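Read through the structure below, which is laid out as structure tokens, and then see the notes.
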Amino acid sequence: MARNLDAKCRQCRREGEKLFLKGEKCFTDKCAVERRAYPPGQHGQKKNTRLSEYGGQLREKQKVRRIYGVLEGQFRLTYKQAESQRGITGESLLQILESRLDNVSYRMGFGASRSEARQVVRHNGLLVNGKRVNIPSYQVRPGDVVEVVEKTRTQLRIKAAIAAAEQRGFPEWIEMDTKAFKGIFKAKPQRAELPATINEHLVVELYSK
């Protein structure tokens, strides 16, 4: 299985904002972006660096990839899928990424981060409509029920992640029963319900060239 092995905090610093790749650490003052608000590397603190139009589009694409933990080839295929659908391509792209099983399980609190939620999926820790699914890219559909298998519910990290997610609040498109370790993916999120820090139009412009 191919993975991005770059240090997660370096990825956030490269994009200049929190991508929430390290779970609860991102919500504390130990966050690397807050402590060192400049890109990593020996030229990270160099001032007056201006991005070209292409550079801005590329950085936005990289940021979206890193947020959702998708490799370049996977992301390109996801974009083509979004482009073939009716509606606004950028919004469709984000909806497909949000519908991935690893992302849905993260939104439900089954992992402190998307990478941790992906690990739960890979280790056969989830059921979708009562059936085991261990493919992180599996597309969850509206109405699908996602739950943690009985054996995995005893893990302390799962309990801690659910408690933290419950405290922050769950998205509108997800209905949770935290005591049953179960959630319903009610609908695909609308653009207004997704982070405003993502500029998907730049990604569309990049791939449209």
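Condition check ((1) within 16 Å of Leu194 (Cα to Cα); (2) over 17 Å from the mean Cα position of the chain (by Cα); (3) modelled with pLDDT of 95 or more; (4) surrounded by 15 or more Cβ atoms within 10 Å (Cβ to Cβ)) across all residues:
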{"site": "His43", "(1), (2), (3), (4)": "no, yes, no, no"}
{"site": "Thr49", "(1), (2), (3), (4)": "no, yes, no, no"}
{"site": "Gly55", "(1), (2), (3), (4)": "no, yes, no, no"}
{"site": "Val64", "(1), (2), (3), (4)": "yes, no, no, yes"}
{"site": "Glu72", "(1), (2), (3), (4)": "no, no, no, no"}
{"site": "Leu93", "(1), (2), (3), (4)": "yes, no, yes, yes"}
{"site": "Ile96", "(1), (2), (3), (4)": "yes, no, yes, yes"}
{"site": "Met108", "(1), (2), (3), (4)": "yes, no, yes, yes"}
- Task: Report yes if some residue within the stretch 141-154 is loosely packed, with under 14 Cβ neighbours inside 10 Å, small (Gly, Ala, Ser), at pLDDT 95 or above and assigned to a loop (DSSP other than H, G, I, E, B); otherwise report no.
- Result: yes
- Residues located in the stretch 156-209, provided they are touching a residue at least 12 places away in the same chain (Cβ under 8 Å), acidic (Asp, Glu) and surrounded by fewer than 18 Cβ atoms within 10 Å (Cβ to Cβ): Glu166, Glu172, Glu193, Glu205
- Task: Could you please let me know if Arg100 is over 19 Å from Glu166 (Cβ atoms), basic (Lys, Arg) and touching an Asp or Glu at 6+ places or on another chain (Cβ under 7 Å)?
- Result: no
- Any idea how many residues of the stretch 110-121 are part of a helix (DSSP H, G or I) and either among the aliphatic types (A, V, I, L, M) or modelled with pLDDT of 95 or more (or both)? 3
- Would you pick out the residues in the stretch 177-206 that are more than 26 Å from Asp144 (Cα to Cα) and of a type in the set (Val, Ile, Thr)? Thr197, Ile198, Val203, Val204
- Query: Name the residues in the stretch 103-139 that are within 20 Å of Phe170 (Cα to Cα) and of a type in the set (A, V, I, L, M, F, W, C), would you?
  - Reply: Val104, Met108, Phe110, Ala112, Ala117, Val120, Val121, Leu126, Leu127, Val128
- Could you please give the count of residues in the stretch 72-109 that are aliphatic (A, V, I, L, M), outside any helix (DSSP H, G or I) and either closer than 15 Å to Tyr138 by Cα or touching a strand residue (DSSP E or B) at 6+ places or on another chain (Cβ under 6 Å) (or both)? 1
- All but one of (1) modelled with pLDDT of 95 or more; (2) part of a loop (DSSP other than H, G, I, E, B); (3) under 18 Å from the mean Cα position of the chain (by Cα) hold for Asn124, so report the exception by its number. (3)
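The values are calculated or read from the model by the stated rules, or taken from the named source; none is laboratory data. No experiment lies behind these values; they were computed from the predicted model shown. Please note: Cβ atoms are built from the backbone with ideal geometry, for glycine as well, and neighbour counts cover all protein chains shown.
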